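The values are calculated or read from the model by the stated rules, or taken from the named source; none is laboratory data. Please read all numbers here as calculations on a predicted model, not as lab measurements. Counting neighbours? That spans all protein chains shown, and the Cβs are built from the backbone with ideal geometry, glycine included. Only protein heavy atoms, including side chains, enter the accessible area calculation; ligands, DNA and RNA are left aside. Shrake-Rupley method; radii C 1.70, N 1.55, O 1.52, S 1.80 Å.
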Amino acid sequence: MIELDRAKLLAARYRAATDRPYFASAVYALSIVPSRGLRTMGVDRHWRCYVSPDFVAALTVPELAGVWIHEVSHLLRDHHGRAGRLPAAEQRDRLRINIAQDCEINDDLVADRLTLPAGRIEPGVFGLPNGLLFEAYLSRLPADLTEVDCGSGAHGWPAPWEVEEGAAPGVGPVEAEALRRHTAEAMRAHRRARGHLPAGWQRWAEQVLEPVVDWRRVLAGAVREAVAWAGGAVDYTYRRPSRRTSAMRGVVLPSLRRPLPHVAIVVDTSGSMTDDDLAEALGEVTGVLREVGIRGNRVTVLACDADVHAVSRVTRAEQVTLGGGGGTDMRVGIAAALAAPRPPGVVVVLTDGETPWPDQPQSCRLIAALIGSAPPDPPGWVETVHVTPAEGRAARG
Ligand SMILES: [Zn+2]
């Protein structure tokens, strides 16, 4: 009986983390449990990684590095959580689930040029295309499958070799979610810097960072809440509501007994946004304002790039004429809005985000509706809503 070659196992983890730094936090969050109960490596839902000493002895360090990433991929992709949401009949087939999940993971690891042990499971082995989620592979796998077991962290069924919950250090659900987010952010940074990330990981990271929520609901919620705050109906003075709260909040504005606030909409007219995107976002904001009774001369729209080109009061989006291109400084538009004889209680900025922002929190509520696929973030005190036009249109249709 051989001992676990811990040095080799750790060298492989180090290699995985240095070769693919976006996996570093996740692979280092795994705790190691040597076990003779399994033939390879596996994970449970508490991020404990079970390792067969024989398996470690048989593999090269690059292969083991690939297996580290394979195992942590089950956890990053929340395979056990997703397995638990399968229809009951499908949940029972542990082996089929495991193999479908390995298909989902391994095509991306191969595309990432990682080394995996011989005999690895890939969609192509079963004549299936790459790039699907495991739920889609499930029903398309053949009846006859060879035994694999990546543990309850994959298929959700506790394996006989898994230890009790307190018997080894583990990762809780909140920390797991933070690790997913951190990994997704690292992947996005990597893709921006190097331009390369396998398609499956790219989709996964986008989904983690920007879950598909209809931006209209979020924007409408943010505007309603800001209007309520500015009207004095809600005492939110020092509390910026979270994006999630805005999204979940009901759609009914509490009846306002105080005067309705003035609202300024500052529109970025610089190069990178299309008229359609702007018109849609602007239409959404003015629509919400109309619903809550803010219209006419209570709404001011300013078209802004480096200078404020035009100031117009509108009641309909179609009345807005967008100004010229050029450099963007939305601070100019915000300052112009606040300099009005009746300063707005709410300023909504529609922009691609490529702009400096004011230094200090303003005397009004500031909402940034960021248009585009990867806009830079405004300062934390600005309420931010991501407007993703293509997705939004698809969701609406
Ligand atoms: Zn696996």
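Hey, among GLU71, GLU104, which residue is of a type in the set (Asp, Glu), within 17 Å of LEU10 (Cβ to Cβ), touching a residue at least 60 places away in the same chain (Cβ under 8 Å) and open to solvent by less than 10 Å² (accessible area, probe 1.4 Å)?
Just a single option satisfies the conditions, and that option is GLU71.
With within 25 Å of the chain's Cα centre (by Cα) and part of a loop (DSSP other than H, G, I, E, B) as the only criterion, which of GLY153, GLY119 stands out?
Testing whether each residue is within 25 Å of the chain's Cα centre (by Cα) and part of a loop (DSSP other than H, G, I, E, B) leaves just GLY153.
For region 171-232, which fully contained helices (runs of 4 or more DSSP H) count at least 2 residues that are over 30 Å from VAL110 (Cβ atoms) and β-branched (Val, Ile, Thr)?
Filter on region 171-232 gives 215-230.
Looking at region 1-46 only, could you name the residues that are of a type in the set (D, E, K, R) and crowded, with 20+ Cβ neighbours inside 10 Å?
ARG13, ARG20, ASP44, ARG45
Only one of ALA88, ALA111, ALA159 is among the small types (Gly, Ala, Ser) and either under 20 Å from ALA16 (Cα atoms) or buried (at least 22 other Cβ atoms within 10 Å of the Cβ) (or both); which?
ALA111
Select, from ALA176, ALA167, ALA143, ALA136, the only residue that is farther than 25 Å from PRO62 by Cα, open to solvent by less than 10 Å² (accessible area, probe 1.4 Å) and more than 16 Å from the ligand (Cβ to nearest atom).
Checking each option against the conditions leaves just ALA176.
So how many residues does region 65-85 have that are in a helix (DSSP H, G or I) and within 11 Å of the ligand (Cβ to nearest atom)?
9
With (1) at pLDDT 80 or above; (2) closer than 22 Å to LEU338 by Cβ; (3) buried (at least 18 other Cβ atoms within 10 Å of the Cβ) as the list, and ASP305 as the residue in question, which single condition is left unmet?
(1)
Is one or more of the residues making up region 32-39 more than 26 Å from the chain's Cα centre (by Cα) and either within 15 Å of the ligand (Cβ to nearest atom) or closer than 19 Å to GLU177 by Cβ (or both)?
Yes, region 32-39 contains at least one residue that is more than 26 Å from the chain's Cα centre (by Cα) and either within 15 Å of the ligand (Cβ to nearest atom) or closer than 19 Å to GLU177 by Cβ (or both).
Restricting to region 93-115, give me the number of residues that are of a type in the set (D, E, K, R) and near the ligand (Cβ under 10 Å from one of its atoms).
Residues in region 93-115 being of a type in the set (D, E, K, R) and near the ligand (Cβ under 10 Å from one of its atoms): 2 in total.
Please enumerate the residues belonging to region 41-64 that are within 12 Å of the ligand (Cβ to nearest atom) and among the small types (Gly, Ala, Ser).
Correct list: GLY42 only.
Residues of region 140-197 being under 13 Å from LEU95 (Cβ atoms) and small (Gly, Ala, Ser), which ones?
Answer for region 140-197, where residues must be under 13 Å from LEU95 (Cβ atoms) and small (Gly, Ala, Ser): ALA143, GLY151, ALA154, GLY156, ALA159.
Give me a count of the residues in region 123-150 that are touching a Leu at 6+ places or on another chain (Cβ under 9 Å) and assigned to a loop (DSSP other than H, G, I, E, B).
8
In region 1-38, how many are closer than 24 Å to ALA167 by Cα and not charged (D, E, K, R)?
Count: 19.
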